[in-house]
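Notes to accompany the following structure.
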Amino acid sequence: MSPELICFFLCALSAPNLSGGDVLLPAPQSISVLSTNMKHFLTWSPVIIQGATVRYSVEFQGEYEREHAAGSWIPVSECSLTTATLCDVTQDISAGAAYRLRVRAELGAASSPWGTAEGFFTRAMTSLTPPQLRVLADGQHLLVELADMGPSFQFRVLYWRKGQESRVQQKELREVSSVVHLDTMEAGAEYCVKAQTHVQAINRSSSFSPTQCVRAQGDTSLWLVTALISSIGFAVAALTLPLLTWKISKIFQYCFCPTAVLPDTLKEPEPPTQLILRGSEEAEQCDLTVVVVPSEEVLQLWIQKAL
């Protein structure tokens, strides 16, 4: 039992007729700050009074109050006369300065001494956890869904094709409102994703989340058939391209550089000497075959034929 509780019970036994305002309350113990992902909570152990409900009030002191306001303390309105043993001080610890926090117990008009958390607390002391994510494959689209952690958080997402870890790609996400498209995957390939949070206000990052992998939807055999058809088409094009080029060149040659053919009227005639020679030869041949017959013989031959 703590010394404060022992003192309380001794005082209660020695002064049983004291009014409620004279009751002595021990200060709360085990005061600490729990801070995760920029959410800060002051916690303490309860003060237990048999048959009574003890309430608590919390105050904080920032750098300004210590240096310019005579060391004053500011009450946390959400945690005034609360029965809980936990107080959300996130909105009160909004700057990068060092804060002190304290709490006291109250029962009726009686109040305990203030119990103060040990040391100073700054928001940079918060613990950052990896983000909660879900990796999806919609056809050949690589998608990621991240849980919203508030406006202070950014996300660094790393993704890669499995087996190609040296070619990791990165995407920075400042706002997460829905599912985010990362990349287009190759059919049948497996891709992996991991992410971490980053808070610019304190310039700190969390560790990476566990790696999650998904396989692109689609049949690998279909991809192979497509590749085969593409290869055949390329080979056919490679074979027909020279023939097509030659044919086109012929067409262009016919259109722009046709072969000129002279008409017969523009052709050079044969030399006239050849015509003269041919004529003389025919004349000579005719002279050789002509036989001169006297008129008497001609008449005698006619008479013979007549008889």
#### Entry: Binned Cα-Cα distance frequencies in region 78-187 - 5 Å width, integer %
2, 8, 14, 14, 12, 10, 8, 8, 8, 6, 5, 3, 2, 1, 0
### For Val89, residues with placed amide H under 5 Å, excluding near neighbours
His40, Phe41, Leu42
### Summary
In order over region 44-50: 3J(HN,Hα) from phi, Karplus 6.51/-1.76/1.60, θ = phi - 60°, whole Hz, x for each Gly or Pro, gives 7, 7, x, 9, 9, 10, 4
### Query
In terms of modelled amide H atoms, which long-range or inter-chain residues lie less than 5 Å from the amide H of Leu128?
Asn37
### Query
How much area per residue is accessible in region 29-125 when the probe is 1.4 Å and only protein heavy atoms are counted (Å²)?
53 Å²
### Task
Mind listing the long-range amide H neighbours of Lys162? Cut-off is under 5 Å, sequence gap 5 or more, other chains count too, H placed in the peptide plane at 1.01 Å from N.
Glu190, Tyr191, Cys192
### Query
More than 22 Å apart: what percent of Cα pairs in region 29-125 qualify?
26 percent
### Message
Run the simple label-point estimate for Gln50 and Ser231 please: 7 Å along Cα→C-beta, distance reported in nm.
### Response
9.0 nm
### Query
Taking R0 as 35 Å, what's the FRET efficiency between Ser152 and Trp114 from their Cβ-Cβ distance, rounded to 0.05?
0.70
### Query
What do you get when you divide the Cα radius of gyration of region 133-216 by 2.2 N^0.38 Å, with N the number of residues?
1.09
### Task
Would you mind counting up the charge near Phe60? Only other residues with Cβ under 14 Å from its Cβ, with Lys and Arg at +1 and Asp and Glu at -1.
-1
#### Entry: Within region 188-202: backbone nitrogen closer than 20 Å to the Arg174 label point (7 Å, Cα to C-beta)
196-202
### Query
Just the accessible area per residue of region 133-216, please: how many Å² with a 1.4 Å probe?
54 Å²
## Note on the structure
In whole percent, the fraction of accessible protein surface over region 100-173 that belongs to carbon or sulfur atoms, probe radius 1.4 Å, stands at 45 percent
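The values are calculated or read from the model by the stated rules, or taken from the named source; none is laboratory data. Every value quoted in this text rests on a predicted model; they were computed, and no experiment measured them. With ideal geometry, Cβ positions are generated from the backbone for all residues, glycine too; neighbour counts draw on all protein chains shown. Side chains included, ligands, DNA and RNA excluded: accessible areas come from the protein's heavy atoms. Shrake-Rupley method; radii C 1.70, N 1.55, O 1.52, S 1.80 Å.
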